[in-house]
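To start, the structure under review is shown below, and the notes come after it.
The values are calculated or read from the model by the stated rules, or taken from the named source; none is laboratory data. Fair warning: this is a prediction, and the values are worked out from it, not measured in the lab. Methodologically, a virtual Cβ is constructed for each residue, glycine included, from the backbone with ideal geometry; neighbour enumeration extends over all protein chains shown. We work out accessible area using only protein heavy atoms, side chains counted, and drop any ligands, DNA or RNA first. Shrake-Rupley method; radii C 1.70, N 1.55, O 1.52, S 1.80 Å.
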Amino acid sequence: MAFPGFWVVFEGADGVGKTTQVELLAARLRSAAGGSREVLTTREPGGTPLGVELRQAIMHGDHVAPRAEALLYAADRAHHIATLVRPALEAGAVVLQDRYLDSSVVYQGGARGLGDEVERISRWATEGLLPDVTVVLDMEPDASRMSRDLDRVERETIAKAAQMRAAFLERAALDPGRYAVVDAARSVEAVHASVVEAVERAMGRRDGLPLEPWGTP
Ligand code: TYD
């Protein structure tokens, strides 16, 4: 990406600790850069005022038809990228983002069965903007519960979670230069250390910088 900024996206299933890791990385970047480099944390859906309304409609409203849901996520994304993320990257900020188009591909395309068009819609919505690195926080879904007596719905939920995990890993494997898979079934500190390593590697790769670029914006 030709922007002076640097863009990190966090992906993975619900409950793997994305939000915590975004916050930890932001704190580290802010202190290491001595406040000289802007660090923006944001999320989808809901990273803008319009996005907050869309998030409310998608997640807390009445039933939403699957295709309408996919388009609402795409609308949130289009507005988020155009009005917040792209301008921040152009201004040289580091953007740390909770979820992006892989979530649509895995949840709407895969789990909801809407297929490949979901990715095309997201790419159109964002004019093809892709992060410098996507960190996939990976964890076996609810492993501790597998052994217990589960009813049908619980088994289906876990099976679906396993499929979604596989889908995130598959996307990461297709483009290893743009993705880093981090084992999220460890302590918050250990996961954070791996995240820092992955982001430093990606920063070094793009800018040809040494691997401790935090201090120099
Ligand atoms: P998230 O904000 O991570 O949830 P929470 O605030 O509960 O941690 O994500 C909200 C939900 O939206 C999550 O279940 C995944 C889903 N989602 C999609 O289905 N498609 C998308 O494109 C995005 C961005 C999220």
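Computed quantities for the displayed model
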item	result
The stretch 6-206: antiparallel DSSP beta bridges as a percent of all, rounded to 5	0
D_trans [Stokes-Einstein, Kirkwood Rh over alpha-carbon pairs] for the chain, 4 °C, 1.567 mPa s, µm² s⁻¹	72
Over the stretch 105-189: Kirkwood hydrodynamic radius from C-alpha pairwise inverse distances, Å	14.7
Expected 222 nm ellipticity per residue - DSSP helices of 4 or more, -39500 (n - 2.57), all of the chain, to 500	-15000 deg cm²/dmol
Cβ-derived FRET efficiency at R0 25 Å, Asp149 paired with Ala190, nearest 0.05	0.20
Label-to-label distance, nm, for residues given as Glu23 and Ala111 (7 Å Cα→Cβ offset)	2.3
In degrees, nearest ten, helix 18-32 long axis to first principal axis of the chain (Cα)	10
Qualifying GluC sites (Glu not before Pro) for the stretch 93-194 [loop in DSSP, other Cβ within 10 Å: at most 13]	Glu127
Share of carbon and sulfur in the accessible heavy-atom surface of the stretch 17-108 [1.4 Å probe, %]	56
Dipole of the chain [Lys/Arg +1, Asp/Glu -1 at C-beta], most positive-end residue of His192, Val181, Leu50	Leu50
Segment Ala68-Asp142, length gained on full extension (0.36 nm per residue, minus Cα span)	23.7 nm
At 1.002 mPa s and 20 °C, Stokes diffusion of the stretch 1-103 via Kirkwood alpha-carbon radius, µm² per second	148
Degrees, to the nearest 10: 188-207 long Cα axis against longest axis of the chain	60
Difference of contour (0.36 nm per residue) and Cα-Cα distance, Ala159 to Arg178	4.1 nm
Residues whose placed amide H lies under 5 Å from that of Asp98, excluding near-sequence neighbours	Phe10, Thr42, Arg43, Glu44
Cβ-placed point charges (K, R +1; D, E -1), dipole of the stretch 6-206 about Cα centre in debye, nearest 20	300
The chain: angle of helix 152-174 to the longest principal axis, Cα-based, in degrees nearest 10	30
Rough spin-label spacing in nm, given labels placed 7 Å along Cα→Cβ, for Arg201 and Arg123	2.5
